[in-house]
Every structure is written in C-alpha cells, then in structure tokens.
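The values are calculated or read from the model by the stated rules, or taken from the named source; none is laboratory data. None of these values were measured; they are calculated from a predicted model. Methodologically, a virtual Cβ is constructed for each residue, glycine included, from the backbone with ideal geometry; neighbour enumeration extends over all protein chains shown.
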Amino acid sequence: MTARHLTVLHYPPRQHWHCVEIREPSWEEVSAAIRQMDDAEFPIVQLSWNDVDSCFDDEASFNIIGGPPTGFALFEFFPGWKFDDPGGGDEDVRLWQSDQGYFCKRRNIIVDIALVLKLSKVYFETGSYDEVRHACSSR
C-alpha cells in the first residue's frame, strides 16, 4: 500500500488558486508534482495515507512547501514533525511567495531536490514519520 491522496496547490497567474486532488497517486505523479514546485505558481504538495477529499482535511498529512531556489520545507501539522538540520541556522525564511507565505528557520529547509524526493518517497511508501526520521539520520 502507498499514500492514498495527493493534493497540489496551484496559483495560476492572475486567477484564483485551486487544489488539484489525486486519489491513489502513483510515485510518478507525486514525483512530477514535487519537481514542478516553484514557490509561487506551485508552492505546496501534500500526501495523505487517509481516505480524504483533500490533504488539507488530514492534520497528519506530509507537507512540502517551497521550491527552487530557496528550498523546501517538509513537515507534519500534528503532532508536528519537521525536517531539521541543526547546521542550517536560525534565520527566518519565507516560502510560498504567491500568497500568505510560510515562515520557517533556515535549519528546516532542504535545497537538494534529490533529498526532498528521497524523503517524500519514504513517506509515500510507508506513511511513517519514524521512517522519514530514520532516512534523515542516515543521509
């Protein structure tokens, strides 16, 4: 079994934002959604292992915000796991340029898309933040 739902937030130029919802996504669909992220038109991708209409309905969903060149933040709303690189620093960084934004510390950002894809695939295949944490520590 793999993740059951993919939500991609889309902000088309000069139009209202909308969500693209994909049930039972393939890894290829998830990977393509992450690769198209640009921190403005496609600033957010979410994965859920629950049967939901949107990943916004799942506080445990795996959230990816950002895009090149600033980087990506990976986190869970509840209970609150987030990627953390202690060597990254504590300066505030704004991601999601097309709307209200998302603010985090530099230490919570990954600039290497290969690592973003690796950690996302771990969640996609396992639904486990423990497995994602293990993959972070073994990188």
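Is the range 80-96 home to any residue that is among the small types (Gly, Ala, Ser), surrounded by fewer than 17 Cβ atoms within 10 Å (Cβ to Cβ), within 15 Å of the chain's Cα centre (by Cα) and in a helix (DSSP H, G or I)?
no
Given the condition β-branched (Val, Ile, Thr) and either assigned to a strand (DSSP E or B) or crowded, with 20+ Cβ neighbours inside 10 Å (or both), answer yes or no: does some residue in the range 46-53 qualify? Spell out the reasoning first.
First pass over the range 46-53, keeping only residues β-branched (Val, Ile, Thr): 52.
Those left that are additionally either assigned to a strand (DSSP E or B) or crowded, with 20+ Cβ neighbours inside 10 Å (or both): none.
No, every residue in the range 46-53 fails to be β-branched (Val, Ile, Thr) and either assigned to a strand (DSSP E or B) or crowded, with 20+ Cβ neighbours inside 10 Å (or both).
What pairs come out if I take residues in the range 9-24 that are touching a residue at least 12 places away in the same chain (Cβ under 8 Å) and at positive phi and pair them with residues that are charged (D, E, K, R) and surrounded by 11 or more Cβ atoms within 10 Å (Cβ to Cβ) whose C-beta lies under 9 Å away, six or more apart or interchain?
Between residues of the range 9-24 that are touching a residue at least 12 places away in the same chain (Cβ under 8 Å) and at positive phi and residues that are charged (D, E, K, R) and surrounded by 11 or more Cβ atoms within 10 Å (Cβ to Cβ), the close pairs are Glu24/Arg4.
Only residues in the range 125-138 that are within 14 Å of Val30 (Cβ to Cβ) count as the first member; pair them with residues that are surrounded by fewer than 17 Cβ atoms within 10 Å (Cβ to Cβ) and not acidic (Asp, Glu), Cβ under 6 angstrom, at least 6 apart or cross-chain, and list the lot.
Filtered contacts from the range 125-138: Glu125/Thr2.
Mind telling me which of the residues Phe75, Phe42 ends up being assigned to a loop (DSSP other than H, G, I, E, B), surrounded by 17 or more Cβ atoms within 10 Å (Cβ to Cβ), at pLDDT 90 or above and under 14 Å from the mean Cα position of the chain (by Cα)?
Working: Phe75 fails: assigned to a loop (DSSP other than H, G, I, E, B).
Result of the check over Phe75, Phe42: Phe42.
Go through (1) farther than 21 Å from Pro13 by Cα; (2) under 14 Å from the mean Cα position of the chain (by Cα) and name the single condition Val52 misses.
Unmet for Val52, out of (1) farther than 21 Å from Pro13 by Cα; (2) under 14 Å from the mean Cα position of the chain (by Cα): (2).
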